[in-house]
Each structure stands twice: as structure tokens, then as C-alpha cells.
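I have placed the structure first, in the form of C-alpha cells, so that the comments after it can refer back to it.
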Amino acid sequence: MNADLHCHSNVSDGLLPPREVARRAQAGGVMLWALTDHDEVAGQAEARSEAEALGMRYVCGVEISVTWASRTVHIVGLDIDPLCSVLTAGLYATRNGRAARAQAMSDALAEFGIEDAYAGALRYVSNPDLISRTHFARFLVEKGYAASTSDVFERYLGEGKPGYVPHRWATLENAVAWIQAAGGVAVIAHPGRYKFTPLEFDTLFGQFLDLGGKAIEVVTGSHAPDQFREYAEVARRFGFEASRGSDFHAPGEGRTELGMLPPLPSDLTPVWQRWL
């Protein structure tokens, strides 16, 4: 099963509208697809309609920003009801504060000699409520401050860098509860991106299981190949189901295109067995 259950449109911090992301997924051979925009479900109807017109199976998704141990973790919700009032109210609350954070990031970059970053980032934003570091990264690449968006995060926007501004997101408990209220399955997104100690990781995974979380992303465009093996072992150890997704945002920005990842290890239980 070529499943891609993590990607983004211009409803959050992707570049393409949902229908165009659907077309790229289908062109990449995706058979089961989910659009998982950050803290927003406004693209779900368009994504589902286009996916089904193209012959793909579709599950509604979202990626919720969480603050855990004073750092940001992302929780994907799959097979959600995007009209669930508990979920939509929670996402609305989570989105609040992004504009203030973005202005603080712009001010911090100005002190570093990079002017007008807020206005520059806004040129890449379709939904101002969801302005993010990715939009700033595209502006900084445009202006020649870095060669790529990943380079921007390494030099300017990652934790401890000149333009980094922390934000208090939802709690882990919030995110899992909202996903469950919407009838969905909670998945820890790209665990290899988080800078936790082994003890912190074990605590995160244990809390997530206790709250009713079911899966982790194992094969993802945000993992290096050696991390596919590492998090396959985590899935085995904790009994997680496994998910797979490109984390696509825009052509040429990430490690891989939609549908182009290797398969999950055959001994893992794919999260999508629930919908087949």
C-alpha cells in the first residue's frame, strides 16, 4: 500500500492548494492519502473531493502543535471528523498567538540585521492565522540569507538561533483528546526531529500510550534512512502502529516527494490497516 499520511497545503504552510497536492500525490502513485495541515482543517473538503475524483482513498487529517517538556512536538490526527466542534474549537485556540509570535520573530531578525521579515513572510501566507517559521524561511531564501529552507532553520530559526521565538501550544493531553473526540487516531509525527534524551523519549512515548495514542511515524520525509530503522524498533518496543508520510510542503523543499518513500518494515502493523 503506497500510503502518504502526512503533507501540507497552502491552508497552513505548504505552497500548493489542496487540489494540487492531491494531484501530486496521485502522480506519485499514492493510493491512500491524507492532508494534514497544521492546526487547521479548512482544506479537507477540497482535498477529499479531488482525491476521490482521482481514484485515491482518502482519510481526513490534521497536525496539531503541542508543547511538551517546553519544546514543540507535533501530533497527527488521522481519520478525523473535520466538523467535530471539540476539535475545531481546540484548533482555533491553538492558532491564536501565531501573529504575535511572528512579529516577535521579525523583531528578533531585525536585531540581527534582517529587516522587514514579517512583511516578507506574509507574501507566502494564504491564511494569516497560520503564519509560521516556514513562511519566514521562504522569505530568507528569497533574499539570499540561506540556500534552502532547511539551511534557514539551521542558521536562523531553529531553537537557540537568532530568530527563534518559543510559543505555548496545546498540551499533549489536549491534542489526543481532540483527535479522539473527532473519532480519529493519534500519531506522533516525525519523532526523529525532536531533541530529547532517551529518558525524555521514553516518557513521551509512555504518556502518549497512556492517553490513548496509537501510532508513530516511522518512514517519513523528515527522517534520515537510519531513523527509519530506529523508530521501527521504537514501534516494536512500545507496540505502536506505524505510519508513513512525506511531510511534503512544496516541490523541492523536502527530502522526498509524495508517495516516493520506501515501504514500512513488513513486521510492523500499519496504521492504515484500520481503514482497509
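Having 1 or more residues that are of a type in the set (Ser, Thr, Tyr) is the bar; report the helices (runs of 4 or more DSSP H) wholly within region 171-276 that clear it.
Because the criterion is at least 1 residues that are of a type in the set (Ser, Thr, Tyr), the helices (runs of 4 or more DSSP H) in region 171-276 that meet it are 198-211, 225-238.
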Some residue of region 89-97 being free of Cβ contacts under 8 Å to residues at least 40 places away in the same chain, among the small types (Gly, Ala, Ser), within 21 Å of Arg133 (Cα to Cα) and part of a helix (DSSP H, G or I) = no
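Given the options Val62, Val66, name the one that is of a type in the set (Val, Ile, Thr), closer than 30 Å to Gln26 by Cα and either open to solvent by 10 Å² or more (accessible area, probe 1.4 Å) or assigned to a strand (DSSP E or B) (or both).
Criteria check complete, one pass: Val62.
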Filter region 96-139 down to residues that are crowded, with 18+ Cβ neighbours inside 10 Å and basic (Lys, Arg) and give me whichever is modelled with the lowest pLDDT.
-> Arg98
Residue within region 225-238 that is at pLDDT below 95 and open to solvent by less than 70 Å² (accessible area, probe 1.4 Å) present = no
Quick check: anything in region 144-167 in a helix (DSSP H, G or I), surrounded by fewer than 23 Cβ atoms within 10 Å (Cβ to Cβ), out of contact with any Phe, Trp or Tyr (no Cβ under 6 Å at 6 or more places or on another chain) and among the aliphatic types (A, V, I, L, M)?
-> no
From the residues in region 153-193 that are aromatic (Phe, Trp, Tyr) and either in contact with a Leu (Cβ under 8 Å, 6 or more places away or on another chain) or modelled with pLDDT of 95 or more (or both), which one is nearest to His74 (Cα to Cα)?
-> Trp178
Taking region 85-95 as the region of interest, how many residues are in contact with a helix residue (DSSP H, G or I) (Cβ under 7 Å, 6 or more places away or on another chain) and either basic (Lys, Arg) or surrounded by fewer than 18 Cβ atoms within 10 Å (Cβ to Cβ) (or both)?
-> 2
Select from region 178-206 the residues that are hydrophobic (A, V, I, L, M, F, W, C) and open to solvent by 50 Å² or more (accessible area, probe 1.4 Å) and write down the one among them that is nearest to the chain's Cα centre (by Cα).
-> Ala181
Given Arg71, Arg19, Arg24, Arg57, which one is among the basic types (Lys, Arg), over 20 Å from Glu217 (Cβ atoms) and out of contact with any Ser or Thr (no Cβ under 7 Å at 6 or more places or on another chain)?
-> Arg19
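The values are calculated or read from the model by the stated rules, or taken from the named source; none is laboratory data. All values reported here derive from a predicted model rather than from experimental measurement. Here Cβ is always computed from backbone atoms with ideal geometry, including for glycine, and neighbour counts include all displayed protein chains. In case anyone asks, the SASA skips ligands and DNA or RNA and just uses the protein heavy atoms, side chains included. Shrake-Rupley method; radii C 1.70, N 1.55, O 1.52, S 1.80 Å.
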